[in-house]
Amino acid sequence: MAINPGYFIRETISSFRRNWVMSLVAVSIIYISLLLVGAFFLTSSVLNTIVSSFEAKVSVQVFVKDGAVPADVEALQANIQKIPNVKSIAYVTKDQALARFKERTKNSPQLVEQLRGNPLPASVEVALVDPRQVQTVVNAIVKDPLLAKVVKNPANPTQSDIRYGQNVVDNLFKATGVIRIFAAAFLILLLLVSLVLIGNTIRLAIFARRREIGIMRLVGASNWFIRTPFLLEGVLQSLVGSILAILTLLAAQAVIVPWLQDNLKFLPVTIAGATFAQLAGLLVLSGVLIGLLGSGTAVRRYLKV
Amino acid sequence: MAINPGYFIRETISSFRRNWVMSLVAVSIIYISLLLVGAFFLTSSVLNTIVSSFEAKVSVQVFVKDGAVPADVEALQANIQKIPNVKSIAYVTKDQALARFKERTKNSPQLVEQLRGNPLPASVEVALVDPRQVQTVVNAIVKDPLLAKVVKNPANPTQSDIRYGQNVVDNLFKATGVIRIFAAAFLILLLLVSLVLIGNTIRLAIFARRREIGIMRLVGASNWFIRTPFLLEGVLQSLVGSILAILTLLAAQAVIVPWLQDNLKFLPVTIAGATFAQLAGLLVLSGVLIGLLGSGTAVRRYLKV
Amino acid sequence: MISMKNVSKIYVPDKPPALSEVDCEIAQGEFVFIVGHSGSGKSTFIRLLLRELLPTSGQITVANQDVIHMKNAKIPFLRRNIGCVFQDFKLLPNKTSYENVAYALEVIGKSRHVIATQVPEVLRLVGLEEKTDSYPDELSGGEQQRVSIARAFVNRPPLLLADEPTGNLDPATSLGIMSLLNRINKTGTTVLVATHDREMVDSMRKRVIALENGKIIRDQSRGVYGYGD
Amino acid sequence: MISMKNVSKIYVPDKPPALSEVDCEIAQGEFVFIVGHSGSGKSTFIRLLLRELLPTSGQITVANQDVIHMKNAKIPFLRRNIGCVFQDFKLLPNKTSYENVAYALEVIGKSRHVIATQVPEVLRLVGLEEKTDSYPDELSGGEQQRVSIARAFVNRPPLLLADEPTGNLDPATSLGIMSLLNRINKTGTTVLVATHDREMVDSMRKRVIALENGKIIRDQSRGVYGYGD
Ligand SMILES: Nc1ncnc2c1ncn2[C@@H]1O[C@H](COP(=O)(O)OP(=O)(O)OP(=O)(O)O)[C@@H](O)[C@H]1O
Ligand SMILES: Nc1ncnc2c1ncn2[C@@H]1O[C@H](COP(=O)(O)OP(=O)(O)OP(=O)(O)O)[C@@H](O)[C@H]1O
Ligand SMILES: [Mg+2]
Ligand SMILES: [Mg+2]
């Protein structure tokens, strides 16, 4: 049997035109659901950047006793630098520490006035690659034999000589963890919901044409011959819907991100190009997939004649 | 002309049954969209409680000089208490201040060791009803003539004697403002989207029955006679969908809120009963409204015959 | 009862009109056949009377009402006085035979009691007493047609339009339907039947209006089907 | 060509069967009328041959294929060898007359060129050369019926089933269609026509199978419509 490849393309396009009410509704529902998914995806990606910036503030401070041998301190720094997950280290001198203290307590000038000399210790500040692993890094530092030479109270260094905001860190990570879980759960929910919505819409559109499908069967059309234009139509609708959604998101992002950056100067609000590409891929792919699946399963129901 | 009141009820129910594919799809789409709106509504209400709890931490501290006359301090307190928007005030003695300082600086014991006597000032802590109005309250305190008698540096009290975290507060409110705007915008978007979705679904279902509507017209049915069962059916579908959504949210909330409270002990995670009632009202009302509107406008299109 | 003055209907501009310059008067109580080749405009004629369509030009009066300038809200009242058997039946697919016929009574607000006595009687008259609870797609073509006939006259309208009411019926059943229409006509109802059934037209000897290409080419009282073929 | 053995069809249990214990053989190249009252089972007979329905019991063979135990995937191939004129036309509403007829050729993979020559010719044969671009709802009842007829034989199937193919046609057009069917039959096609058209049956003098309440009550070669009424 000869095959008419052009037939299906012509058929799909003319069906798209002639059932335009259905096509319009389907495209608009696809558009809207994917828009929602996309908007939330971008929002949560921004949220993630912000949350990560908070986490990045978690660092470990090792306080150095006044009499420590500079060579020991340097050797310790070198050792710490080698610990996995350590991003960078910085040495804070006693003078720098005093300056920071003065800045922090400028509303109680009496305090600073009273200070004789400089009672504040120097410290080594350790920045981390993954702040959540802070405890492992602290443990590694504690195990370092050099530490005993450098700190004041080597018997129990985490008591006062190593600071990493134990309780704050715990709470912070619990909070950021919950935020991440929630965002992911909501995103998955949204995605599922929009798949159900799109599937149902396509199903409804095909339900409205079930008689046509029966007629096609009765005049001898094979199942794939009937199904192909419906599948292509579903894919076409999904493509149009998802591309419209991506364009809208691009436009919205171009307006909203600068506004946010203006209003939240102290927070890192950016959307990476890669994130956007990823999103576009996700939308088009899931749109097309559900278009195929939705029309495929829906048509099948009426191919029984 | 006599009216058959029972007719419409029988008609609605039998139509709901006989067009069950359509009804099912419509109900499921209504359910899903309202579920989404509801889930987001609750999430953002929890978020709001949390954000508010951060804001509530904003307070004003007035540092009292060591030689201040107790009567003056008490009079000032009484005056501050009368300022609108002040929720409560508390007096922190010098001893309490020192205890707090020791707790905060326990990793630099040298600092505390050095202190002779108690260099820390006593203070009056002012809690606010609406933390965003902090500047107004501060201005009112500054204007109080008693303040000059109580603080150390009366010429410029906001320099060091009144503390309310000026810059932090500004950033906090910017952030919470943006969070609120975003949550509200997203909620409105979701609501609009779900209204469009529901409207479109109902429109599609009625589109599939447009021939029927034409036939009804041709056998002499008046417009309201045709429309009423469709309207009732739309309302019925919306009611079923919104009630299912509310039940699901109730169940989900009963699981998720305790889990959150467990994981975020340091944050106030609660959903007020009133919030839930409000949500239920919102869902049912918007569902029913859109059911009416959607079927009303959709039917009208086919009443032209 | 019915008056058409210079009525034309053009569906698609630049194509020949479906009806052109039709003039006719039908008095109350008449029985009229409309005959004509396929596509000659019979259904268009009937759809104009029911105001399913508006003519392109001309005037139409049905039961002393100007059908063309009628307000939208009054159309249902016009149609309640017209029973119509449609060529494609136009049954409501989600209603049984009984409910389809009952619908024409519910529309005018008849009580359930009245409906419960009249509908079965009418269904019996068209020979469908055993199919009351069948849905249209569970009926044969002829049975669907008879449901449409039953619905058309269940509320005893003063005007009955029938568009090929026996196209799907065998001669015996057709004869039954025709004599039913005849009886209905005898009670004072005006009856207008578009038909291809030569036997019927020739045997009943009623007024015949013949259409060709949208024009009335013959209007005889006590006429025959004609078209010598 | 067609063989039915003891075929019964019961749509609704506990109701009288639509067909009961039907036995019949139709040889290749025959021309057969099926007649019977409304609801006697003619359409059911045809729908069984097309495998639109499965019988409740019995055996059916069409073109040497067991229709009942046929795999789902083979059904389209069966149907491509059967042209069918449906009582309710079954036209695709979103396709023009031309496209509806062309569909039967596209289904078997004919090239656009072949389609572009055959379809207009067939439409001309049924007298619709001017309605090629009209959608079904822009056609009169008889015109729709003729599109259905054109679609049924456009691909020259060896078996042609026609369910009341002239129910909506005037006698002249009916005669044209019947002589067309006769000509098609002369080229070797088996033709099976369910009809109420007494004139036609009586004048053509072909084999007549008469049904009543789902039973074959008469099977005459060179028969007449019968049913003295
Ligand atoms: N909606 C429409 N749009 C365009 N043309 C139409 C429409 N309806 C009918 N026509 C055309 O108008 C002409 C008259 O149609 P009509 O249905 O009145 O014929 P008829 O006499 O009832 O024919 P039949 O006996 O076949 O039912 C036909 O040629 C038909 O193709
Ligand atoms: N899907 C169905 N479900 C139940 N009963 C049905 C169904 N289809 C047909 N019937 C019944 O089966 C019987 C035979 O129907 P069929 O359509 O074969 O009659 P027919 O001879 O074609 O009649 P007509 O001349 O009126 O078209 C009828 O009584 C009909 O009511
Ligand atoms: Mg007609
Ligand atoms: Mg039949």
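Things to note:
- Phi angles across region C:35-49 convert, under the Karplus curve 6.51 cos²θ - 1.76 cosθ + 1.60 with θ = phi - 60°, into 3J(HN,Hα) values of 10, x, 4, 4, x, 7, x, 5, 5, 4, 3, 5, 5, 5, 5 Hz, Gly and Pro given as x.
- Dipole orientation for region B:123-272: of the candidates B:Ser238, B:Leu189, B:Asn200, B:Asn200 has the Cα lying most toward the positive pole (charges on Cβ; Lys, Arg +1; Asp, Glu -1).
- Per-residue mean of foreign Cβ neighbours for A:38-47 is 2 (Cβ atoms of other chains, 10 Å radius).
- The mean count of C-beta atoms from other chains within 10 Å of the C-beta of residues in A:208-215, rounded to a whole number, is 4.
- Of C:Ile34, C:Ser8, C:Thr187, farthest towards positive along the dipole that unit charges on Lys, Arg, Asp, Glu beta carbons give chain C: C:Thr187
- In chain A, helical runs assigned H by DSSP with n ≥ 4 each contribute -39500 (n - 2.57); averaged across all residues and rounded to the nearest 500, the mean residue ellipticity at 222 nm is -25000 deg cm²/dmol.
- Dipole magnitude for the protein assembly as shown: computed about the Cα centre from +1 point charges on Lys and Arg Cβ and -1 point charges on Asp and Glu Cβ, it is near 1000 debye.
- Most simply put, chain D has about 50% antiparallel DSSP beta bridges, counting only bridges with both residues inside it.
- With the highest mean first, a sort of the peptides A:214-226, C:136-148 on other beta-carbon atoms found within 10 angstrom per residue produces C:136-148, A:214-226.
- Each label was represented as a point 7 Å from its Cα along the Cα-to-Cβ direction; for A:Thr297 and C:Lys215 these points are 6.2 nm apart.
- Once you reduce region B:36-104 and region A:3-81 to the center of their Cα atoms, the two points are 38 Å from each other.
- Helix A:94-104 axis, angle to chain A major axis (alpha carbon atoms, nearest 10°): 60
- Model label sites at A:Lys304 and B:Glu113, defined 7 Å from Cα along the beta-carbon direction, differ in position by 8.8 nm.
- Across region A:129-137, rounded Karplus estimates of 3J(HN,Hα) from the backbone phi angles (6.51 cos²θ - 1.76 cosθ + 1.60, θ = phi - 60°) give 6, 10, x, 5, 8, 3, 4, 4, 5 Hz, Gly and Pro being marked x.
- For the residue pairs C:Lys9/C:Lys71; A:Lys87/A:Lys143; B:Lys304/D:Lys131; C:Lys90/C:Lys110; A:Lys152/B:Lys57; A:Lys304/D:Lys95, alpha carbon separations beyond 24 Å are given by B:Lys304/D:Lys131; A:Lys152/B:Lys57.
- Residues with amide H under 5 Å from that of C:Val85, placed H, sequence gap 5 or more: C:Leu161, C:Ala162, C:Asp163
- Highest-MSF residue in chain A out of A:Gly199, A:Gly67, A:Gly287 [GNM, Cα springs under 10 Å]: A:Gly67
- Estimated 222 nm signal from helices in chain C, with DSSP H stretches of n ≥ 4 weighted -39500 (n - 2.57), rounded to 500: -9500 deg cm²/dmol
- Peptide C:33-41 has a mean shielding of 5, counted as Cβ atoms of other protein chains within 10 Å of each residue's Cβ.
- Per-residue Cβ neighbour rank within 10 angstrom, fewest leading, C:Glu52, B:Glu113, C:Glu164: B:Glu113, C:Glu52, C:Glu164
- Beta bridges per DSSP with both ends in the protein assembly as shown, % antiparallel, nearest 5: 65
- Region C:1-64 and region C:144-199: distance between their alpha carbon centers, rounded to Å: 19
- Computed from Cα positions, the angle between helix C:97-106 and the longest principal axis of chain C comes to roughly 70 degrees.
- For chain B, built as a Gaussian network whose Cα springs stay under 10 Å, the top-fluctuating residue of B:Ala68, B:Ala155, B:Ala97: B:Ala155
- Burial ranking of peptide ranges B:27-34, B:50-57 (average Cβ count within 10 Å, highest at the top): B:27-34, B:50-57
- Two-site FRET efficiency, B:Lys265 against B:Lys94, from Cβ-Cβ distance with R₀ of 22 Å, rounded to 0.05: 0.10
- Label point of D:Tyr11 set 7 angstrom out along Cα-Cβ; within region C:109-148, amide nitrogens under 14 Å from it belong to C:128-147.
- Among D:Ile46, D:Ile108, D:Ile60: highest mean-square fluctuation, GNM of chain D, C-alpha pairs under 10 Å: D:Ile108
- Cβ-Cβ FRET estimate between C:Asn72 and B:Arg10, R0 fixed at 35 Å, reported to 0.05: 0.80
- Extending 7 Å from Cα along the Cβ direction at C:Asp133 and again at C:Gln59 yields two label points whose distance is 5.4 nm.
- Amide H contacts of C:Lys9 (H built 1.01 Å from N, under 5 Å, at least 5 apart or other chain): C:Ala18, C:Leu19, C:Ser20, C:Glu21, C:Thr56
- Distance-filtered residues of region B:36-71 - backbone nitrogen under 15 Å, label point 7 angstrom along A:Ala185 Cα→Cβ: B:36, B:38-47
Rule-based calculations on the coordinates, nothing more; no lab input. Computed from a predicted model, the values in this text were never measured in an experiment. Backbone-built Cβ (ideal geometry, glycine too); neighbour counts: all protein chains shown.
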